[in-house]
Amino acid sequence: MYETVVIGAGQAGLSAAYHLQRKGLRAGSDFLVLDANPGPGGAWQHRWPSLTLGAAHGIHDLPGFPLGAPESSRPASEVVAEYYGAFEAENQLRVQRPAKVLAVSALPGATGLSLRTSTGEFNARTVISGTGTWDKPYWPYYPGAAEFGGRQLHTHDFQQASDFTGQRVLVVGGGTSAAQFLLQLHDAGAQTFWSTRRPPEFRCLDDNPDWGREVERAVDGRTRAGLPPISVVGVTGLPMTRMYRDGIASGVLASRGPLQRLEAGSAIFEDGSAEPLDAVLWATGFRASLDHLAPLKLREPGGGILMDGVLVVKEPRLFLVGYGASASTLGATRAGRSAALAALRYLDDVKIQPEPEESAALPVA
């Protein structure tokens, strides 16, 4: 029986493990970190190679271990994998991998939680779950998608823009990944088209240094109401960088509006216009990867999980990080600390509860 099991060795999970250790728990004996990936780096190790560190948004420091200033032209996947691996080694966190958590369920008698994994079963008094979103790509439904006939892929599966040289490619989605794909595809010699449900909203964030915390507050309001979290771009819009300014000026970052349907080899937009296509890239985001928590029956009628910060209201032994407001790396670092401290408070509260005394028999008069 571990005091705590941390699921996931991304930004949030590593931050939680660091703070558990700082407060006196021993890695590998008092607490355990399980990670489904083959090596360090969390979801970053799966990012497409052309996503450089300079183009990636918001890689923040892990606690007590500054990232420094790596070469911005290097692939973000390489830089972050090295950084996370060095952090694990420096703090001797002894992450077990690959160990995918398949299901978390309650043990009898409120003694803790049971974790069924690809490598065996573990029991813990508390669980900090930081499984992120990468393995839950969201594919929206559009009429005609099955009959399109051309290539369809998701952000999750993108590798390099040169795979589409000379092709006509539709990018669907209004986030930063969609904008970056459009620019890369254009530079690689593809003819690009962009579809968004709403007009893209570019904002200058330099004038508001506190924008990250404002985003977290907005997203946190939904999880406190038991609603599914919304994406960061749904709150902030797109950051107006020089790269995006140039893309707007060149006409590459110009949305054709909502997609109505797909047909064999073409897309039909809501305004009635049509374009022949070779491929569709669905840059439509991800959903929280929480299937392993299904046995706990945590979902609210609104579809989300009711949260009080990082605490799951329906299960006080479970803490979610990298969910909702803590999905960004900035929020994840803080959430990891919050989850570690909350788990330790729960453990202390349980330990100080007095054992129930046997009732003494009253003398018979």
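Summary table below
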read-out: Approximate spin-label separation Arg151-Thr119, in nm, with each point projected 7 Å along Cα-to-Cβ; value: 3.5
read-out: Sparsely packed GluC sites (Glu not before Pro) within the stretch 68-176, loop by DSSP, other Cβ within 10 Å at most 15; value: Glu71
read-out: Eligible lysines near Lys23 by straight Cα distance, threshold 19 Å, same-chain separation 8 or greater; value: Lys351
read-out: Label-to-label distance, nm, for residues given as Glu300 and Ala264 (7 Å Cα→Cβ offset); value: 4.8
read-out: Length released on extending from Arg242 to Arg74, taking residue separation times 0.36 nm less the Cα-Cα span; value: 58.5 nm
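No lab work stands behind these numbers, since they all come straight from the coordinates. Everything numeric here is computed off the predicted structure, so don't read it as measured data. Note: ideal-geometry Cβ built from the backbone for every residue, glycine included; neighbour counts use all protein chains shown.
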